[in-house]
Structure formats: structure tokens, C-alpha cells
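Below is one structure, written out as C-alpha cells, with a few remarks after it.
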Amino acid sequence: MSRTLLLIVVILIILPAFISDFWLNQILTRSIILGIAALSLTFLTTYLGVVSFAQITLAGVAGYTIAYFSPNTTGLGIELPWLFAVALALLFSTLAGAFVGAIAKKSVGIYSIMITLAISMAFFYFTRQNYSIFNGWTGFSGITAPVAFGVSLEDSLVFYYATLLSATAAGYLVVKFTSSPLGLAVQGVKDAARRVRAIGIPTTPVIIAAYAFSGFIAGMSGVLNVWQQERISSFSVGLGPTIDLLIIAVIGGMRHPLGAFIGAITYVLIDTFVIDLFSRDRFNMIIGLVLLFIVMAAPQGILGSFLSAQKRIRKYDNNAIKRKIKNDCEI
Amino acid sequence: MPLTDGSASNQRVALNLKGVTRRFGSFVAVDNLNMTIKTGERRAILGSNGAGKTTLFNLITGDFPLSEGSIEIEGVESSTLPTHKRIQAGLRRTYQHALLFDSLSVRDTLLLAVVGIHNKWPLFYPLKKNSKYHEKAEALAKVAGLSSKMDVLVGALSHGQKRQLEIGIALSGDPKIVLFDEPAAGLSPAERPVLTELLLSLPKKLSVILIEHDMDIALETSNIVSVMHNGKHLLEGEPEEVVHSDIVREIYVGKRQ
Ligand SMILES: Nc1ncnc2c1ncn2[C@@H]1O[C@H](COP(=O)(O)OP(=O)(O)OP(=O)(O)O)[C@@H](O)[C@H]1O
Ligand SMILES: [Mg+2]
């Protein structure tokens, strides 16, 4: 798998040389940003075994923070050096994740969905009604991405590479976290929470840490999203984006966290091109049909199905090799 | 200071249960049970199905809260402590029905047990491959006879291997009291002597409570036997004496001869 990953990253590095600006911005960059947000969700589903509807909220917390502390045309907020603003954005989304975890800590299945949905809707309405921080339902606009280390992130190619780097970092963090003691404890809680306590580990802080970590990852996506869109408003944290993220996770597959990126690109392609073929009204129908197809034909999502097919092929290969060795020996 | 020789320290109490009671609704699963486990003691608990043996373990570890009574671990009142605190205080257990992390490997499971006991679980970056915690996990695997299965997923282990892993987990760190809940259940006749061997090789200062239906294993590995029936602690005593008592014959055979 890791060699395949390396190959994918190499392809993604050279790809901009061959595609138009539209493809670069609207398809690739957008998919990767959505993929990071979906990764924060598939991390929770794969390793903690809960479905959270609050990931868009967590991304939104980072997004609003970066908007508030960046130059913008709304006349609200305080301008900070961009690195400080990013650090604060990630800090707040991590803390917000911990907060969601502290509330949802005992819930699994439908209950974790209900609680996180309630939190996300509360945040949505709060951003609409609060003008002193969130500027009501119009939110922030005219936010400019910073000049980082001498290069402007306003440049679409630079921004693409920054996004790709962030996604790689997010994937790396997830891999490292899940093999750390705390990450193992998170997976332990999913399998047998009682056993985790019976080896001397309290489960509540483990669950809170998992949500906090997912908040950090979601925050990365939130920052990038605001830099790309140059605006954020209550619509960015509403029910629509929340459900879109779940669709992405289901399409990509919840069994492997990297399914998030496959789901994101599939979603963005449908979102972009089906609208050209049909009309905007048809989008929900198409995405609904795709979802139905995935749920029925490939319940592990696109990546999950690919991985199990690969496993079957490998097994077949191994058996063929074994048979060959056996034949050779007998001769 | 006359009473500080070996015999006196043998009299130290590892676990003290007083009036321990647990009700499920109106049903009394454990009924006003008193039991004192001395340091280094090996106690077997006998009792028919539903006698309340596993429930007693769940009360000692805090998996279930007590309805009444008190539990002292190493002299510290622990009946209101959360499970993980009792484990940190030196208590360990195995589960009758293996309760394991199916999606983790044997290595990661044992590593988690080790970092759990040593309070290193909050680390959010991977440990070095040659860390002392990895060494401890390897050592546990060796004791449990799972050295060759380190990279196998727990969900893919056989029934017997899962039981071995339960034991490996229960011996992590520096345990003071270990509760074994029917470790021999489902083991083949060939695997039983291995288990007996393992139980006999445990450090002398370790206190052990063993729930076991296999009378041979129970007698060979214990120096005191308790009998539970209908949630009550009916009697305790020397293994031979208890096993040949009328009460045990009645419980196990069904009627007095
Ligand atoms: N969580 C629970 N809720 C309700 N009743 C329970 C619960 N746990 C145990 N019981 C009841 O308590 C009684 C004692 O059960 P327990 O598991 O302690 O028996 P045991 O002595 O371990 O038996 P076995 O030898 O079959 O393992 C049983 O009648 C059981 O049905
Ligand atoms: Mg039992």
C-alpha cells in the first residue's frame, strides 16, 4: 500500500503540468480539501467506531478563526501574522473537537449521530445570529490567503501544492497517531471499552482525545477551505455541507481512512460535471443514485472494495505460487 | 519489633471483601459475601453455573458497581474507585469469555496492556521499535506462548490462543492480585498441563483467585478453596477437605450420598 501511495503522491505532484487551471482549482484542490475534512470523519468511524456529524462544525471553527484573524473586507476581526492565525485556528478546532468528544463520549451508533448533529445545528444557528464574532448569516468575505515563506498562496499552483502537502501531513499524522499508545487505546475502545479500563486506561480521556485529534484534522481543511473560497458564512457550516461530507465518506469507504480522498474526488467530479449534463436540480438525484449503488453493491465504499479485490487477487497469486513450488518439488 | 519475619509478612492482606452484595433487580447474584485473600495466597473458587463467581470478579474489578459492602485492595478502600484505578493499584483479571481487541495485532494488544499499566497510554506518537515497552510486550508474549503470533490480528486467533492472550494481558506490569475466570474452559486436554504449569510458575508473592470447573487444575494450583452457591460464600478450607465435603458433593452431584 505504501508504494502505491508514494506513486499517487508523485502523480499528484507532476499532474498540474498537464491540466487546466479549472481542473487544478475546481477539481483537484477542492477534492483534496474536502478529502481532508472527510479524513477527519473516516478516522473517527474507522478507529473509534462512531459517526460524527460535527466535523463540518469543527472545520468551521478553524475557518471562522482564520477569517477573523486574517485581512478581509468585512471590517470585522483582528489581523494577526498568518502563522499565529493558523495556530489559533487549529488550536480552536482541536479544543472544539475535545468539547464534542466530552459531550458525545458515552454515545455510539444512532446516539452519537444525534448528539453531534445537535451540536452542529446549534453552531449553525449561533453563527447566523451572532454578529460580533461571526457577522451573522453573511459571514466573512474577501479573505486573502497569506504570503507564506516568500510565496503567495493566492497563486493557484502554489496553493495546490500547499494543499497537497497538508493532505500528506494529515495522512501521515493519522498513520502515526493510530500506531501510538493513545491511538491503540482509541482502537481498543472501539473493540472492547471494558477491556481498556481493565488494563488500567480510563476511556473518557481516550475518546475525548480521538475527537480532539479529528478536530485538528478537520481544522486543517477548514483553514484551506477559507483560503480557497475567500469567504465563510453560516452556509458553510449548515446541514448541506454536513451531509455532503457523510456522502463523501460513504462513497470512499469508512474502512480505510484514505477512502476519504477517493470519495471526495468522486463527489467533486459528479458535482462538477453532472451539473453540466443535467441541471442543478438533478444533482441530488444523481448523487442519491450513486450513494444507493455504493451502499448496495459496495458497502465498504470504493476503496474498501478495491482493497478486498486486491486481497483476493493476492491470495490467488499466492496459491498459484504455492502450487507451482509444489509441482516443481514433485518433479 | 518481633513480628517482622517472613511468616508475619505472609499474613498481609491483599484483598478484603466485606458484606459484598450485588442485586440485579430483585435477584441477588452475590449475597453478603466475606472473603480475605492474603498476600501470596492461591485460592480456587468452585461453584455451579450461575453461582455468582463471575459477578464477584466484576464487582472486585469495578466492571459492575456494588449494591452493598466494601472492597479493600492492598488495604485501600476501593469499592468506589473506577476500574482503571484498581488496575493501577495492582489488580488484574482475565475474562471468562475472551474480551479482546479484535482489530489489533497481538503485539499491539500486549503493548497497550503494558503502556496502560505504566501510565504511558497518553503518548500520541509511536514508541520506538526497541523501547522497553516493546521488550515487556515480547516478554508477556513469551509467557503466554504467543511469541510466534505477534503480528496476527487478535480476531484471527484460535479460541485457545485468545485465552492465552487473556493471561498475557493479565500479567502485564507488576501485578499483585490476579483474577482468572475459567482459564481452562475450552482448552484441549493437551493444553491443560501447559496452563497448570503457567499457574504454578507465577511469582510467589502474587495473590491469585482462580475460578475453575476443572477440579484437577483447581486442586493442583491452589492452597485454599472456596465454594460459592446462590451468590453465597458457603465454605472455605484446605483443598482436599473442601472437595470431599458433603456440601460440594451435593452441589456438584445434586444430592447427598
Ligand atoms: N448483567 C447482569 N444482569 C442480570 N443478571 C446477571 C448479570 N450478570 C449476571 N447475572 C446473573 O447472575 C447470576 C450469576 O451469574 P455469574 O455469571 O456470576 O455466574 P457464574 O458463577 O460465573 O456462572 P458460570 O459458571 O456459568 O460462569 C446468573 O443467574 C446470571 O444470570
Ligand atoms: Mg462465570
Query raised in the report: Restricting attention to segment A:196-243, which residues are within 14 Å of another protein chain (Cβ to nearest Cβ), open to solvent by 10 Å² or more (accessible area, probe 1.4 Å) and in a helix (DSSP H, G or I)?
Result: A:R197, A:T203, A:T204, A:P205, A:I207, A:I208, A:A209, A:A212, A:F213, A:F216
Report summary line: Within segment B:125-137, the count of residues that are surrounded by 15 or more Cβ atoms within 10 Å (Cβ to Cβ) and of a type outside the set (S, T, Y) comes to 5
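Wholly within segment B:146-257, which helices (runs of 4 or more DSSP H) include no fewer than the required count, namely at least 2 residues that are at pLDDT 95 or above? So that I can check it myself, show each step before the final result.
Details: elements: B:159-170, B:191-200, B:215-221, B:239-243, B:246-253.
Here the list reads B:159-170.
Scan segment A:48-57 and tell me whether some residue there is part of a helix (DSSP H, G or I), open to solvent by 30 Å² or more (accessible area, probe 1.4 Å), in contact with a helix residue (DSSP H, G or I) (Cβ under 9 Å, 6 or more places away or on another chain) and not aliphatic (A, V, I, L, M).
No, that holds for no residue.
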Requested in this report: For B:I177, indicate whether it is of a type in the set (V, I, T), out of contact with any Phe, Trp or Tyr (no Cβ under 7 Å at 6 or more places or on another chain) and within 17 Å of A:D191 (Cβ to Cβ).
Outcome: no
Report summary line: Within segment B:57-106, of all residues that are closer than 25 Å to B:V28 by Cα, of a type in the set (S, T, N, Q) and over 15 Å from the mean Cα position of the chain (by Cα), the one nearest to ligand 1 (Cβ to nearest atom) is B:S67
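Does B:L56 satisfy being at pLDDT 95 or above, open to solvent by less than 10 Å² (accessible area, probe 1.4 Å), out of contact with any Cys (no Cβ under 8 Å at 6 or more places or on another chain) and within 13 Å of ligand 2 (Cβ to nearest atom)? Give the derivation first.
Working: at pLDDT 95 or above: yes; open to solvent by less than 10 Å² (accessible area, probe 1.4 Å): yes; out of contact with any Cys (no Cβ under 8 Å at 6 or more places or on another chain): yes; within 13 Å of ligand 2 (Cβ to nearest atom): yes.
Criteria met by B:L56.
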Query - Given (1) touching a Pro at 6+ places or on another chain (Cβ under 6 Å); (2) closer than 23 Å to A:W137 by Cβ, index of the condition A:T42 fails - result: (2)
Requested in this report: Please work out which one of (1) within 17 Å of B:K18 (Cα to Cα); (2) away from ligand 2 (no atom under 16 Å from the Cβ); (3) more than 14 Å from every other protein chain (Cβ to nearest Cβ) is the condition B:R42 fails and give its number.
Outcome: (1)
Report summary line: Per the filter on segment B:213-230, residues within 16 Å of ligand 1 (Cβ to nearest atom) and out of contact with any Lys or Arg (no Cβ under 8 Å at 6 or more places or on another chain) are B:H213, B:M215, B:A218, B:V227, B:H229, B:N230
Requested in this report: Output the residue which, of all residues in segment A:166-183 that are open to solvent by 20 Å² or more (accessible area, probe 1.4 Å) and within 7 Å of another protein chain (Cβ to nearest Cβ), is nearest to A:V9 (Cα to Cα).
Outcome: A:K176
Report task. Give just the number: which of (1) of a type in the set (A, V, I, L, M); (2) in contact with a Ser or Thr (Cβ under 8 Å, 6 or more places away or on another chain); (3) within 7 Å of another protein chain (Cβ to nearest Cβ) does A:V186 not satisfy? Result -> (3)
Query - Verdict on B:T36 being at pLDDT 95 or above, closer than 28 Å to B:E220 by Cβ, over 14 Å from the mean Cα position of the chain (by Cα) and assigned by TED's automatic domain parsing to the domain that holds B:D214 - result: yes
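Considering only segment B:71-109, state which residues are polar (S, T, N, Q), without any contact (Cβ under 8 Å) to a residue 60 or more places away in the chain and within 9 Å of another protein chain (Cβ to nearest Cβ). Spell out the reasoning first.
Pass one, segment B:71-109, residues polar (S, T, N, Q): B:78-80, B:83, B:88, B:94, B:96, B:103, B:105, B:109.
Still in the list and also without any contact (Cβ under 8 Å) to a residue 60 or more places away in the chain: B:78-80, B:83, B:88, B:103, B:105.
Result: B:T83, B:Q88, B:S103.
The values are calculated or read from the model by the stated rules, or taken from the named source; none is laboratory data. Quick caveat: nothing in here was measured; it's all calculated off a predicted structure. Please note: Cβ atoms are built from the backbone with ideal geometry, for glycine as well, and neighbour counts cover all protein chains shown. Only protein heavy atoms, including side chains, enter the accessible area calculation; ligands, DNA and RNA are left aside. Shrake-Rupley method; radii C 1.70, N 1.55, O 1.52, S 1.80 Å.
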